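So the structure is just underneath, and the comments pick up after that.
Readers should treat all values here as calculations from the given coordinates under stated rules, not as data from a laboratory. Here the structure is a predicted model, which means the values were calculated and not measured. Every residue, glycine as well, gets a Cβ built from its backbone with ideal geometry; the counts of neighbours run over all protein chains shown.
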Amino acid sequence: MISVVQLGTVEYGTALELQRSLIERRKRGEIGDVLLLLEHPRVITLGRNAKAANVIAAPEELATRGVEVFECDRGGDVTYHGPGQLVGYPIFDLRGFTPPIGAVEFVRRLEEVLIRTCADFGIAAERVAGMTGVWTRADSPGRHGDTEKDRAQGKIAAIGVHISRGVTSHGFALNVNTDLSDFELIVPCGIVQKPVTSMAKELDKAVSLDEVAEAVARRCGEVFAGEMQWVKTLDELPGRPMGVPMRAPEEIRRLRGESEETWA
């Protein structure tokens, strides 16, 4: 059983604290696997392997545009979150699957969830050898645009996870109605040779974030062979009630040095 909670818009710092709490509860067996679906206000996040040069915008410009910057405990480089982007944070105990799932297999399954979700909306998406994440196919029937750049393969979803004693955190970001101009503030994931795209750009129309969330949950159940149960609030999860903290935590670099991570 995987519980799905759709939280709406959540500050990034709050989401970090929330994940910490859920991770500890999952490790203690107080709750089952949980998939958090949400949006973030504009924020740039830096993983453990982030290069400062990949944040192109000056601090003054970021402040003017209301973009926060956070360091976090996933591996990898720089990425962006913002309105219109569906972010998913799976808090899964990989040891509970039969057979247990390893880090690489977990990431491949997340990619498959997103590929199938895109297909539900008529967007052909695929993996790219040697990279993590999901890209549109250049020959996708849903592609719109007349220029060669518009027809090029575009990155539609990023994946970055952290695994601590078998329990996952962080996850994926699927560009639904995202303002793609915000990606100009960074070199997304340190990859310069492929543009960033969104479902709205591919389909030339806005897409319901709720419908995408439903598709993601359904496809997650298929790929992870689990029953998906929607719950309205975190207090409906098994165990003692918990509130969502409202103050952002300090920037974090490591989580007790006990973890492995993978990123795209």
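Rounded to the nearest 0.05, what FRET efficiency is calculated for residue 30 and residue 138 with R0 set to 41 Å and r the Cβ-Cβ distance?
Given R0 = 41 Å and the Cβ-Cβ separation, E is 0.30.
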*Histogram of C-alpha separations across the range 1-127, 10 Å bin width, %*: 11, 34, 38, 15, 2
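Multiply the residue separation of residue 1 and residue 98 by 0.36 nm, subtract the distance between their alpha-carbon atoms, and state the gained length in nm to one decimal.
33.6 nm
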*Could you check the simple spin-label distance between residue 53 and residue 126, using points 7 Å along Cα→Cβ, in nm with one decimal?*
3.2
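Run the numbers for residue 71 and residue 235: contour at 0.36 nm per residue of separation, minus the present Cα-Cα distance, in nm.
That pair, residue 71 and residue 235, stretches by 56.2 nm at full extension.
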*In nm, what is the difference between 0.36 nm times the number of residues separating residue 165 and residue 211 and their Cα-Cα distance?*
13.2 nm
